[in-house]
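J.: Below you'll find the structure I mean.
The values are calculated or read from the model by the stated rules, or taken from the named source; none is laboratory data. What you are looking at is a predicted structure, and each value in this text was computed from that prediction instead of being measured. As a convention, Cβ positions derive from the backbone with ideal geometry for all residues, glycine included, and neighbour counts pool all protein chains shown. For accessibility, only protein heavy atoms count, side chains too; no ligands or nucleic acids. Shrake-Rupley method; radii C 1.70, N 1.55, O 1.52, S 1.80 Å.
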Amino acid sequence: MTDRSENIYSQRNKALEILFAVLLLLLPLLKINQGVDLTDTPYSLGNYRFFEGADGVWVLATFLSNVTGYLFTRLPFGGTMIGMKLYSSLLISFMALFSFRFFKTKMPMWVAFLGEVAAIGFCWCPSVILYNYMTYLFFLICGVLLFRGLAGNRPICLFLSGISLGLNVSVRVPNILEAALILCVWYYGARKKKNFEQIAKETGFCIGGFLAAQAVMFLIISLLYGFGAYGEMIGGLFGMSVSASDYTFSEMLLSILSAYGRGIRWMVYPALCILPGIPFLILWKDKGQTLRKIIYCACIVFLFFVLYKWGMFNFRYYQKESGLQWGVVFLLISLGVTVWMLFTRMIDDEWMLIGSIALIMILITPLGSNNYVWPALNNLFFVAPVTFWMVYRFVRWGRSAVDSTGRVPFFPAKAMLAALVLMFFVQSIGLLFGYVFLDGEDGTRRTAKVENSPVLAGMYTSQANAESLESLFAYLQSHEELDGKELILYGNIPGLSYYLDRPCATRTSWPDLDTSSYEDLKSDLNALSTKIALTDIDKPTPLVILAADAQEGDKLSAIRDFMEEYSYQLAFQNERFLVYW
């Protein structure tokens, strides 16, 4: 290659790298003005908005994410939903760019780019739920630093990796399970035949960083909330499993295994369809091989059409479930790929280390959540490029036959594996452009704005959602005597606290949750009664807003008893909300 052609090649690569980086920066920002739900998104935003006066188990269990969210609210436009979605979406951009920078020197740049695009596409969770995305961020940073420290023999990186993990526990306490990454240290040490002293030293650097970060966070929390707060928080987390059985470890594990079980059942069909492809290519081996390969690929397309008809997937990308099974299939392929990477002789020790880190990420990410395997699909920034590259290597350069005689062709397996990964990528692109969390999941277009809410300025939602919120906001704005009143909310409408910019009189804006006990709600209402009795102002009772379809139960009965005690009257209602004061 001449100097001129080398220069052109270098410039082209640089231009592509810049283009890929810009796209990875912008893609997570595509839908920041889309969606106004009443549950998870504004619930988290409300926790950040009113963080200064908050207490309870979740405040400390997700302390660092709450502090970060609170700091975001202090930035320009941090008082609006679109501003908060912008800042939080930039975390996704950063993860994609950080991982892309790591992998672009280890595989073709376009493979790393496509892997990150797929990861962004499966970011179904609202970006403002920072205890999820900061979990993935620190997990990613920890994995990359661990690789740098081990492969590059850099103790400082091992220490920083431990710090990253230590901070992640303060993002969300169940992230302590990510300490399983220490297995990668021991695995790599065994691969490199390091002596016990060296492995112990590397382990010590990691543990030292972890303990240093945790010591700092313990001190900060203790100074702010008291030295007994940390222990009370741990006890509270264990207590939650009593009222919310899906948060027990056994239930989480069963949920994950059931997801993989369903995925395996769907994978049986592609696996079985590999078998007839072998004799189809073996018979009359010297005649029409190219045509027969084309026919076999056409049969794969037909197979996918059949799976579509059987309900494995669909193209209704306004629902995240449209891509679920392809996502699970991809996780199963990734599990197979990363386990193979641990034992194969076809890659070097550094790639085996990468495989071990990716495997731990797949296995650990869903634990600590009651969301099936969705968290693992939400955290593919490290995993997707690895799987894409290994599959590409196999399809492009893998041996052409199973046996040494060349009689049993590998083409059916290669074609099927490539098609499975391609379909996963197609679904990720569909979700990237089509899915918005809990707004328009019935296919309704988001074409309206809530015009009388400064918090929701610039946000698009469905016409019906906008109208119901506008009428509620208009009523409250027309009654000055209601200004400054705190809220009691019930019926899965915690977002009203954030949208109305009013704190709740109870410890949580979402008492419906199983993790919020009846005893806590009753205690809050009793404390309110005591506060009202001791206040000179004439009955400073909070505003009560119930969802029109709120489910009856002990918690709602407790709220109704409180309302009866203070003679609440229905003052406003529309098709979704009932306002009492």
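J.: Can you give the convex hull volume per residue for the Cα atoms of segment 27-84, as a whole number of Å³?
T.: 94 Å³
J.: Given the Cα-Cα distance of Leu275 and Ile429 and 0.36 nm per residue of separation, how much length would full extension add, in nm?
T.: So the extension gain works out to 52.4 nm.
J.: Find the eigenvalues of the gyration tensor of the Cα atoms of the chain, then list the square roots of 5 times those eigenvalues as equivalent ellipsoid semi-axes, largest first, in whole angstrom.
T.: Result for the chain: semi-axes of 48, 29, 22 Å.
J.: If r is the Cβ-Cβ distance from Ile282 to Asn33 and R0 is 56 Å, what FRET efficiency results, to the nearest 0.05? List each step's numbers first, then the result.
T.: On the way: r = 56 Å, r/R0 = 1.00.
Using R0 = 56 Å, I get an efficiency of 0.50.
J.: What ratio of Cα Rg to 2.2 N^0.38 Å holds for segment 495-555?
T.: In units of the globular-protein estimate, segment 495-555 measures up at 1.21.
J.: For segment 351-421, what does the accessible surface come to per residue with a 1.4 Å probe? Please give it in Å².
T.: It amounts to 31 Å² per residue over segment 351-421.
J.: Same structure, new question: In nm², what is the average projected area of the convex hull enclosing the Cα atoms of segment 110-205? Could the numbers behind the result be given before it?
T.: Numbers: hull surface 28.6 nm².
The Cα convex hull of segment 110-205, projected and averaged over all directions, gives 7.1 nm².
J.: Just to be sure I understand the model, the point goes 7 Å from the Cα along the line to the Cβ. What's the resulting Ala401 to Asn574 distance in nm?
T.: Distance between label points: 7.2 nm.
J.: Taking 0.36 nm per residue of sequence separation and subtracting the Cα-Cα distance, how much length would be gained by fully extending the chain between Met109 and Asn526, in nm to one decimal?
T.: On the way: separation 417, 0.36 × 417 = 150.12 nm, distance 6.09 nm.
Result: 144.0 nm gained on full extension.
J.: Can you pick out the pairs among Lys85/Lys414; Lys104/Lys414; Lys104/Lys309; Lys320/Lys449 whose Cα atoms lie more than 29 Å from each other?
T.: Correct reply: Lys85/Lys414; Lys104/Lys309.
J.: On each of the three principal axes of the Cα atoms of segment 277-392, give max minus min coordinate, whole Å, ordered largest first.
T.: 54, 42, 17
J.: Over segment 312-459, what per residue volume does the convex hull of the Cα atoms give, in whole Å³?
T.: 149 Å³
J.: So what is the relative contact order of the chain, in percent, for Cα pairs below 8 Å that sit 6 or more residues apart?
T.: Relative contact order here is 18 percent.
J.: Per residue, how much accessible area does segment 248-313 show when a 1.4 Å probe rolls over the protein heavy atoms, in square angstrom?
T.: It amounts to 65 Å² per residue over segment 248-313.
J.: Only loop residues by DSSP count here, and only those with at most 15 other Cβ atoms within 10 Å; note down the trypsin sites (Lys or Arg not before Pro) in segment 266-313 that meet that.
T.: Answer by residue number: Lys285, Lys287.
J.: In whole percent, what relative contact order does segment 428-581 give with Cα contacts below 8 Å and a gap of six or more residues?
T.: After rounding, I find 19 percent.
J.: So, one more: Would you mind computing the Rg to Rh ratio of segment 176-220 from its alpha-carbon coordinates, Kirkwood style for Rh?
T.: Working: Rg = 12.5 Å, Rh = 11.5 Å.
Answer for segment 176-220: 1.09.
J.: Now for a separate question. Let me see the pair-distance distribution of segment 376-504: every alpha carbon pair, 5 Å bin width, integer percents in order.
T.: 2, 8, 12, 13, 10, 8, 8, 7, 7, 6, 5, 4, 4, 3, 2, 1, 0, 0
J.: A further question on this structure: Counting only protein heavy atoms and using a 1.4 Å probe, what share of the accessible area of the chain belongs to carbon plus sulfur, as a whole percent? Before the final figure, lay out each step's value.
T.: On the way: 16520 of 26620 Å².
Carbon plus sulfur share of accessible area: 62 percent.
J.: Which whole-number value in Å³ per residue fits the convex hull of the alpha carbons of segment 452-581?
T.: 109 Å³
J.: When the Debye formula is applied to the Cα atoms of segment 1-119, each taken as the same point scatterer, what base-10 log of I(q)/I(0) results at q = 0.14, 0.15, 0.16, 0.23 Å⁻¹?
T.: For segment 1-119, the Cα-only Debye profile gives -0.72, -0.79, -0.85, -1.21.
J.: May I ask you to compute the full-extension gain from Arg445 to Tyr475, defined as 0.36 nm times their residue separation minus their alpha-carbon distance, rounded to one decimal in nm?
T.: So the extension gain works out to 8.2 nm.
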